[in-house]
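Note sheet for the following structure.
Read the figures in this text as sums done on the coordinates, not as results from a lab. None of these values were measured; they are calculated from a predicted model. Counting neighbours? That spans all protein chains shown, and the Cβs are built from the backbone with ideal geometry, glycine included.
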Amino acid sequence: MTVTLVGFDADDTLWHSESHFVVTEERFQALVRPWSEPGDTAAHLLDRERQNLEVFGYGVKGFTLSMIETALELSDNTIPQAAISQIILWGKEMMRHPVDLLPGARQVVLEVSAQYQTVLITKGDLFHQESKVAESGLADHFDRVEILTEKTPDQYRNVLGRCGGVRPDNFVMVGNSMRSDVLPVVEMGGRGIHVPHEHLWGHEEVAEPQQSEGWWTIEKLADLPDMLAGFDSAPHT
C-alpha cells in the first residue's frame with residue numbers, strides 16, 4: 001500500500017534525550033548513596049515515575065519531582081535541604097540543555113519531507129517539547145507537529161484525522177520505542193519502523209512481539225528513505 005504520511009518520533013529518534021536522563025540519574029544515585037544502593041535507587045525511582053505518570057505526565061518536570069519524592073522516601077525525610085536544591089538544579093539544567101540532533105537526522109527529514117506528507121509526533125511536557133522542536137530547526141519541514149499526552153492507537157487515529165483523514169494503511173511511524181512508536185500503530189492498522197537507540201527508559205521497555213507483520217527494524221535513520229521507497233513499490237503485507 002502506498003505511503004502518504006510519515007510520522008517521526010522526536011526524542012531519541014531525531015535528537016538525543018534519554019542520555020541526559022541517564023547522566024542525571026547517575027548523579028542522583030550518588031547523592032542518595034548514604035541511604036540506598038544504586039540498583040535499589042534506580043528501581044525505586046522507576047517505580048515512583050510510573051506511579052506519577054498520571055499526575056505529572058512525561059518529561060523532565062515529572063522526573064525531577066519523582067527524584068525529590070524518591071530522595072525523601074529513601075532517606076525517611078532526613079535528606080538535607082541542600083540536596084533537594086541540587087535535584088531541582090539538575091532538573092533546570094535538563095530543561096535548558098541544547099537540542100543535539102542525532103547523526104543524519106536533518107538530512108533524512110529533509111529528504112522524506114520532500115516526497116511525503118510528514119508529521120512530528122512526540123509526547124511529554126508541552127512547554128519543553130515545543131521548545132525542543134523550535135530549537136531543532138526541523139519544525140518547518142513537517143506539515144504538522146503533534147505533542148500528545150500518550151501514544152495509543154486512538155491517539156494515532158486522531159492524528160491521522162487531523163492530517164486530512166489519512167488511512168492507517170497509508171501511514172508509517174518511525175521511532176526508537178517499540179512500546180510507543182511501533183506497537184500502537186501496528187494495532188490500528190498502520191506500519192511501524194523501529195530505529196533502536198542505545199538508551200531506552202525502563203518504562204518504554206517491552207518484549208519484542210513474536211509476530212513480525214506490520215513492523216520493521218532499521219539500524220540507523222539514514223536507512224529510512226530506502227525503506228519507504230520499498231513500501232511504495234510493494235503491497236502492504
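Could you check how many percent of all C-alpha pairs in the chain are farther apart than 26 Å?
Working: 11261 of 27966 pairs.
Here the tail beyond 26 Å accounts for 40 percent of pairs.
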**Request:** Extending each Cα 7 Å along its Cβ direction at residue 134 and residue 111, get the distance between those two points in nm, one decimal.
**Result:** 3.1 nm
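If each residue of separation counts as 0.36 nm, what is the full-extension length gain between residue 86 and residue 222 once their alpha-carbon separation is subtracted? The partial results should precede the final answer.
Values: separation 136, 0.36 × 136 = 48.96 nm, distance 3.90 nm.
That works out to 45.1 nm of additional length.
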**Item:** Lysine pairs in the chain with Cα atoms under 16 Å, if 8 or more residues apart or on separate chains
**Value:** 6
**Fill in**
For the stretch 18-96, shape from the Cα gyration tensor axes a ≥ b ≥ c, cut at a/c of 1.5 then a/b versus b/c, turns out rounded
**Asked** Are there GluC sites (Glu not before Pro) in the stretch 66-169 that DSSP marks as loop and that have at most 16 other Cβ atoms within 10 Å, and which are they?
**Response** 150
**Prompt:** Can you list the residues, at least 5 places off or on another chain, whose amide H is less than 5 Å from the amide H of residue 8, using H built in the peptide plane?
**Reply:** 119, 120, 121, 174
**Request:** Calculate for the chain the 222 nm mean residue ellipticity that helices alone would give, adding -39,500 (n - 2.57) per DSSP H run of length 4 or more and normalising by residue count, nearest 500 deg cm²/dmol.
**Result:** -14000 deg cm²/dmol
